[in-house]
């Protein structure tokens, strides 16, 4: 039987001297997950970038609730994108997009 | 309990602007107290501007001394001279003899080791001594972010072993950032998630960033208070 996936939506804010593009952010996240947890771990992370605002350096990432700690650790381990220093902060986590937007507009 | 704290924020000397940026970032990330390593000969009035900056950002400043003795004798001399001037004393253990002396001395709060696995002397004997003197093992998170590949794998392996030994002997763990700029700073929950990489469960990781460091600060502030007589004895009223 296929089990229902309980998603977690993570509101992210990238601290960087320049705007971070959608592609660069996606690559950086996947690269971090692969480096820390390998291909097996990355396959369980089931990541998806739901929203991205390059001007505010904000984004919303989706992952299954079972992979939340793994994704958080991976995001915390990102220190640079395209040679520029960066820190990805998880502003908040929620079970639905709606409540995420309410709590972290 | 005070909330989350980072006992090792490395603020840049002579750069008030960057200092303020880092303190504001710490406050935004949810920290309520930060430990800042200060020079041993710093006068009380020289700490005042930093204290004012911290107060402005809603953060409680904890004065920290980092000792890097080469011999046990040097450690004893420094502790005798400097212990009562700082709220937290951390010892960077550069040799096994220094590590052993630091672990059994009740004036030492934090045992700190370099990221290189050859320089980490936290074994069962060290943990047994530390559990008797209430020294905590400091886990600095910055090397975990900075290192890549084999060095990070080796560090994770060492930390996993040390966390297991510390748990067996009841030695408290204190996780600290060791951040030198705002890009190396992470929220407590992110550090706790990173700590799961070396098998420290999430609740214990969060405790290593809140209760454990605060209990050290609280204990030492009590001891440094003019009303302190001996452990468990305080002046309540003067005639």
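The values are calculated or read from the model by the stated rules, or taken from the named source; none is laboratory data. Being a predicted model, the structure only gives us computed values, none of them experimental. Glycine gets a Cβ as well: all are built from the backbone with ideal geometry, and neighbour counts include every protein chain shown.
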Surrounded by 14 or more Cβ atoms within 10 Å (Cβ to Cβ) and assigned to a loop (DSSP other than H, G, I, E, B), is that true of residue B:115?
yes
Of the candidates A:34, A:15, the one satisfying the condition of being in contact (Cβ under 8 Å) with a residue 24 or more places away in the chain and surrounded by 13 or more Cβ atoms within 10 Å (Cβ to Cβ) is A:15
Filtering helices (runs of 4 or more DSSP H) wholly in region B:154-239 for at least 3 residues that are touching a residue at least 40 places away in the same chain (Cβ under 8 Å) and more than 11 Å from every other protein chain (Cβ to nearest Cβ) gives B:211-224
Quick count over region A:57-102, residues being without any contact (Cβ under 8 Å) to a residue 12 or more places away in the chain, under 30 Å from residue B:181 (Cβ atoms) and outside any strand (DSSP E or B), is 3
Please state which one of B:137, B:129 is over 18 Å from residue A:34 (Cα atoms) and crowded, with 23+ Cβ neighbours inside 10 Å.
B:137
Residues satisfying the stated conditions in region B:71-104, i.e. under 16 Å from the mean Cα position of the chain (by Cα) and in contact (Cβ under 8 Å) with a residue 60 or more places away in the chain:
B:87, B:88, B:90
With (1) buried (at least 18 other Cβ atoms within 10 Å of the Cβ); (2) within 16 Å of residue B:197 (Cα to Cα); (3) within 14 Å of chain B (Cβ to nearest Cβ); (4) within 14 Å of the chain's Cα centre (by Cα) as the list, and residue A:20 as the residue in question, which single condition is left unmet?
(2)
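This table checks each residue for (1) touching a helix residue (DSSP H, G or I) at 6+ places or on another chain (Cβ under 8 Å); (2) under 11 Å from residue A:16 (Cβ atoms); (3) crowded, with 18+ Cβ neighbours inside 10 Å; (4) within 14 Å of chain B (Cβ to nearest Cβ).
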| residue | (1), (2), (3), (4) |
| --- | --- |
| A:40 | no, no, no, no |
| A:43 | no, no, no, no |
| A:53 | no, no, no, no |
| A:57 | no, yes, yes, yes |
| A:64 | yes, no, no, no |
| A:71 | yes, no, yes, yes |
| A:83 | no, no, no, yes |
| A:87 | yes, yes, yes, yes |
Flag for residue B:177 being under 28 Å from residue B:38 (Cβ atoms) and at pLDDT 95 or above:
yes
For region B:17-70, give me each residue that is loosely packed, with under 12 Cβ neighbours inside 10 Å and under 17 Å from the mean Cα position of the chain (by Cα).
B:39
Hey, can you tell me all the residues within region A:18-44 that are in contact with a strand residue (DSSP E or B) (Cβ under 7 Å, 6 or more places away or on another chain) and over 20 Å from residue B:187 (Cβ atoms)?
A:18, A:22, A:24, A:26
Residues being within 15 Å of residue A:34 (Cα to Cα) and out of contact with any strand residue (DSSP E or B) (no Cβ under 8 Å at 6 or more places or on another chain) - total across region A:71-105
3
